[in-house]
Amino acid sequence: MKALLLTCTLVLWLMAASVRSFDQDSQLIPGSLQSRELNGYFRDYSKSRRARRALPSADEPDDSPIPEGGDGSDLPTCLLCVCLTGSVYCEEVNPDMTTIPALPKETAYLYARFNKIKKISNKDFADTVTLKRIDLSGNLISEIDDGAFSKLSLLEELSLADNRLVKLPILPAKLTTFNANNNLLKTKGVKANAFKKLTKLVNLFLADNNLEAVPFIPESVRTLHLQNNNITDVNVNTFCRSNDTYYLRPSLNEVRMDGNPVILSKNPDSFTCMKVLPVGRYR
């Protein structure tokens, strides 16, 4: 009986030793199944880490080197920016973004604030007719081609605030909000019909410019900011109608004209059609 137990123990010991030897050999032999699986895993993991490092952080600028002679404009948009479903965020891009990036199809919302974009051309949005909102605040834009937004029939909100514009382009007819605060706009740079066809415009922001007169304001506008310009005159036809004493503008409920040289009380009939008086100088 003892001899039988000793024999079984010896057999089990020999089997265990053989298995351990096989495991060690398979780890060391190049090309073995286990070796290939481990190598593949670490290779994929390494690629994944490199890919993540190539993407810019939402909070930190990407300091990866740019090839000699390049400024990053040749990189795919979604490596320079953050692309979500229907939205592209290109804010404070590093390296400097100086032109509108090529946008993915079906982009509805573009936020490209605080960059160094200088011009908007006719081709920049020609292939992205799905855009509903564009925010280009805080750039260096001084020139916009007249047809730059002509194909954007769905565009509702456009912000060009804090740029260097001296004139406005043709604007899309369906705009509900337009912001051109803090530019270099003069009255001669705003066409007489610039806002006339914008029958859905609700918010119009033209503060901190060099306008000498109030442009035509559509009936639909509720909020109008014209503070800190060079407006010197307001008359009965600016907001109301001299030939219609029954005309009313109940929708226009906020008008800011403070910071202008005009004295609003000089023509007391200028605001009879409105339910609120503009904010500004009255004496």
Flagged pairs (Cβ under 7 angstrom, 6 or more apart or on separate chains; first in region 140-158, at pLDDT below 95; second open to solvent by less than 40 Å² (accessible area, probe 1.4 Å) and not in a strand (DSSP E or B)) are Asp146/Pro169
Among (1) open to solvent by less than 90 Å² (accessible area, probe 1.4 Å); (2) modelled with pLDDT of 90 or more, which single condition is Pro61 missing? (2)
Looking at the structure I just gave you, is Leu152 out of contact with any Ser or Thr (no Cβ under 7 Å at 6 or more places or on another chain), outside any loop (DSSP other than H, G, I, E, B) and farther than 21 Å from Gly259 by Cβ? no
Filter region 195-214 down to the residues that are within 19 Å of Phe149 (Cβ to Cβ) and touching a strand residue (DSSP E or B) at 6+ places or on another chain (Cβ under 9 Å) and list them by number. Phe195, Leu198, Leu201, Val202, Asn203, Leu204, Phe205, Leu206
From Val93, Val88, residue being under 12 Å from the mean Cα position of the chain (by Cα), crowded, with 18+ Cβ neighbours inside 10 Å and at pLDDT below 95: Val93
Looking at region 77-84, can you tell me whether even one residue there is under 12 Å from Thr130 (Cβ atoms), out of contact with any Leu (no Cβ under 9 Å at 6 or more places or on another chain) and either open to solvent by less than 70 Å² (accessible area, probe 1.4 Å) or of a type outside the set (A, V, I, L, M, F, W, C) (or both)? no
Based on what the data block shows, is Leu155 under 21 Å from Thr199 (Cβ atoms), buried (at least 17 other Cβ atoms within 10 Å of the Cβ) and not charged (D, E, K, R)? yes
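Table: residues versus (1) in a strand (DSSP E or B); (2) among the acidic types (Asp, Glu); (3) modelled with pLDDT of 95 or more; (4) open to solvent by 30 Å² or more (accessible area, probe 1.4 Å).
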site: Ile217; (1), (2), (3), (4): no, no, yes, no
site: Val221; (1), (2), (3), (4): no, no, yes, no
site: Gln227; (1), (2), (3), (4): no, no, yes, no
site: Thr232; (1), (2), (3), (4): no, no, yes, yes
site: Asn243; (1), (2), (3), (4): no, no, no, yes
site: Tyr246; (1), (2), (3), (4): no, no, no, yes
site: Leu252; (1), (2), (3), (4): no, no, yes, no
site: Asp258; (1), (2), (3), (4): no, yes, yes, yes
site: Pro261; (1), (2), (3), (4): no, no, yes, yes
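The values are calculated or read from the model by the stated rules, or taken from the named source; none is laboratory data. Predicted, not measured: the structure shown is a model, and the values here were computed from it. Positions of Cβ are backbone-derived with ideal geometry, glycine not excepted, and every protein chain shown enters the neighbour counts. In case anyone asks, the SASA skips ligands and DNA or RNA and just uses the protein heavy atoms, side chains included. Shrake-Rupley method; radii C 1.70, N 1.55, O 1.52, S 1.80 Å.
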